[in-house]
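Student: Structure provided below as structure tokens; questions to follow.
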Amino acid sequence: MRAADVGDVTMGSLVAQYGAPQAVEAIRTRTLPPGFIAQQAQQERPPNLTSCLNAWYTRLAAANPAADLEAGQRAGARLIIPGSTEWPTQLDDLRRSRPLGLWVHGNADLRFSCLKSVAVVGARAATSYGCHIAAEFGVGLSESGWTVVSGGAFGVDGAAHKGALAAEAPTVVVLACGVDVSYPSAHESLFAKVREKGVLVSECPPGVHPTRARFLIRNRLIAALSRGTVVVEAAIRSGALNTATHALSLNRHLGAIPGPITSAMSAGCHRLLRERKAVCITSPEDMIDLVGALGDDLAPQVRGPAVPRDRLNEPTKRVLDAVPTRGGAGPASIAVAAGMSLDTTLSALGGLAAAGYIERTPSGWRLRKQPAAYRKAPDSTALAPPPIPEPDPTEIPPPPDDFRASEVGP
């Protein structure tokens, strides 16, 4: 891990093919296996193995693995490698760019926390809208039993972590520096809370400070650790879009949250949606529906507000639609307009009148005028007796036995 920088695919291939001990021995002797050299020569863009070997040798000579382990132990961190009980097996999807090991600092178990996890990423210079949405997703996902994974940066990342912590749930912060380095420094208190309930993760040894390249390289871990990624806000040139690209290359689910079309911070999300690379996400339930188990994590279907008219049966609805708003009409005219028999129309008219939908006038039946929704109450309302409740429109009473057409209308 000291010999090669994070994300070195050539070192990853060497370790994957020959194992870590033999790879270290090859670097010390400056002699790469012939089979490895032949394999790398067949790559579409073969690496300069001489340059790689010289860089590895120089860095390995300056490394002090025992000091790294001691520094990690002193900080309270632990080192896990492929095969460890805490190692998330989904990282194997990274293949040649799989990390050689991970430094973990926190009370949560990394592998268990990432079994059901969602990456929430977005712009550092997020708007108030983006931070609000990220915090809501942090709370909503956590309350539903899903772990929030993000990068611990300003803006969307920090808001998502804070939302998860507010829900008393673990959260995973993937750093581009050592787990003993607080970057950004303003998030030192946030990282302290994450250590209590969640976990800090980094493939950089203790004491290593972040660089621009390491931020982009660590994004592949955010995408690989989670079942899916949701982009809250992202400009056209944004590190969040880099995470989205990694998610797509790993065949992970990708969602994007729409924002105002006038906001530059949502332009990246809109491009993902326009190019149909991402699914439109508007709530934590939508994201769980996207990444969850089939049939177990379905989002509830959003319906419009129910009105009493919805509970009427179909014949009654047709009769009600045929009743005029002004003037009036007799039962025979209403029956013709509704396409119903006269007996059915008479029965429906009686029930609609009892329920308060229609009223009888000298010229026939018409719709009853509804009072204003926000009519100001008189001053004596508090002293007035309680109003008599209107009959339930679903319980339409049958017409009386002596109910005849001659009594219904002209």
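The values are calculated or read from the model by the stated rules, or taken from the named source; none is laboratory data. Everything numeric here is computed off the predicted structure, so don't read it as measured data. Cβ: placed from backbone, ideal geometry, glycine included. Neighbour counts: every protein chain shown. Side chains included, ligands, DNA and RNA excluded: accessible areas come from the protein's heavy atoms. Shrake-Rupley method; radii C 1.70, N 1.55, O 1.52, S 1.80 Å.
Student: If you scan segment 70-85, which residues turn out to be touching a Phe, Trp or Tyr at 6+ places or on another chain (Cβ under 9 Å), assigned to a loop (DSSP other than H, G, I, E, B) and under 20 Å from residue 15 (Cα atoms)?
Tutor: 81
Student: Among the listed residues 89, 10, identify the single one that is open to solvent by 40 Å² or more (accessible area, probe 1.4 Å) and of a type in the set (Ser, Thr, Tyr).
Tutor: Checking each option against the conditions leaves just 89.
Student: Could you please let me know if residue 189 is open to solvent by 10 Å² or more (accessible area, probe 1.4 Å), more than 30 Å from residue 14 (Cα to Cα), within 21 Å of the chain's Cα centre (by Cα) and of a type in the set (Ser, Thr, Tyr)?
Tutor: Judged against the criteria, residue 189 is not a match.
Student: May I ask you to list pairs of residues, at least six apart or on different chains, whose Cβ atoms are under 6 Å apart, with the first in segment 149-160 being without any contact (Cβ under 8 Å) to a residue 60 or more places away in the chain and the second being in a loop (DSSP other than H, G, I, E, B) and open to solvent by less than 10 Å² (accessible area, probe 1.4 Å)?
Tutor: 157/151
Student: Inspect segment 201-209 for any residue being open to solvent by 30 Å² or more (accessible area, probe 1.4 Å), more than 27 Å from residue 256 (Cα to Cα) and out of contact with any His (no Cβ under 7 Å at 6 or more places or on another chain) and give the result as yes or no. Lay out the reasoning, then the answer.
Tutor: Kept after step one, since they are open to solvent by 30 Å² or more (accessible area, probe 1.4 Å), are these residues of segment 201-209: 207, 209.
Narrowing the set further to residues that are more than 27 Å from residue 256 (Cα to Cα) leaves 207, 209.
Next, from what is left, pick out any that are out of contact with any His (no Cβ under 7 Å at 6 or more places or on another chain): 207, 209.
Yes, there is a match, as at least one residue in segment 201-209 is open to solvent by 30 Å² or more (accessible area, probe 1.4 Å), more than 27 Å from residue 256 (Cα to Cα) and out of contact with any His (no Cβ under 7 Å at 6 or more places or on another chain).
Student: What is the residue count in segment 307-363 for residues that are hydrophobic (A, V, I, L, M, F, W, C) and outside any helix (DSSP H, G or I)?
Tutor: Matching residues across segment 307-363 total 6.
Condition check ((1) of a type in the set (Gly, Ala, Ser); (2) closer than 19 Å to residue 202 by Cβ; (3) open to solvent by less than 80 Å² (accessible area, probe 1.4 Å)) across all residues:
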| residue | (1), (2), (3) |
| --- | --- |
| 35 | yes, no, yes |
| 59 | no, yes, no |
| 66 | yes, no, yes |
| 71 | yes, yes, yes |
| 84 | yes, yes, yes |
| 97 | yes, yes, yes |
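Student: Here's another thing I want to ask about it. What number of residues within segment 210-240 are open to solvent by 10 Å² or more (accessible area, probe 1.4 Å) and over 24 Å from residue 81 (Cα atoms)?
Tutor: Looking only at that region, the number is 6.
Student: Could you tell me which numbered condition residue 136 fails, if it satisfies all but one of (1) in contact with a helix residue (DSSP H, G or I) (Cβ under 7 Å, 6 or more places away or on another chain); (2) under 16 Å from residue 239 (Cα atoms); (3) among the charged types (D, E, K, R)?
Tutor: (2)
Student: Going by the structure shown, is residue 194 without any contact (Cβ under 8 Å) to a residue 60 or more places away in the chain and aliphatic (A, V, I, L, M)?
Tutor: Answer is no for this residue.
Student: Another question about this same structure. List the helices (runs of 4 or more DSSP H) that sit entirely inside segment 104-170 and contain at least 1 residues that are of a type outside the set (Phe, Trp, Tyr) and in contact with a Cys (Cβ under 7 Å, 6 or more places away or on another chain).
Tutor: 156-166
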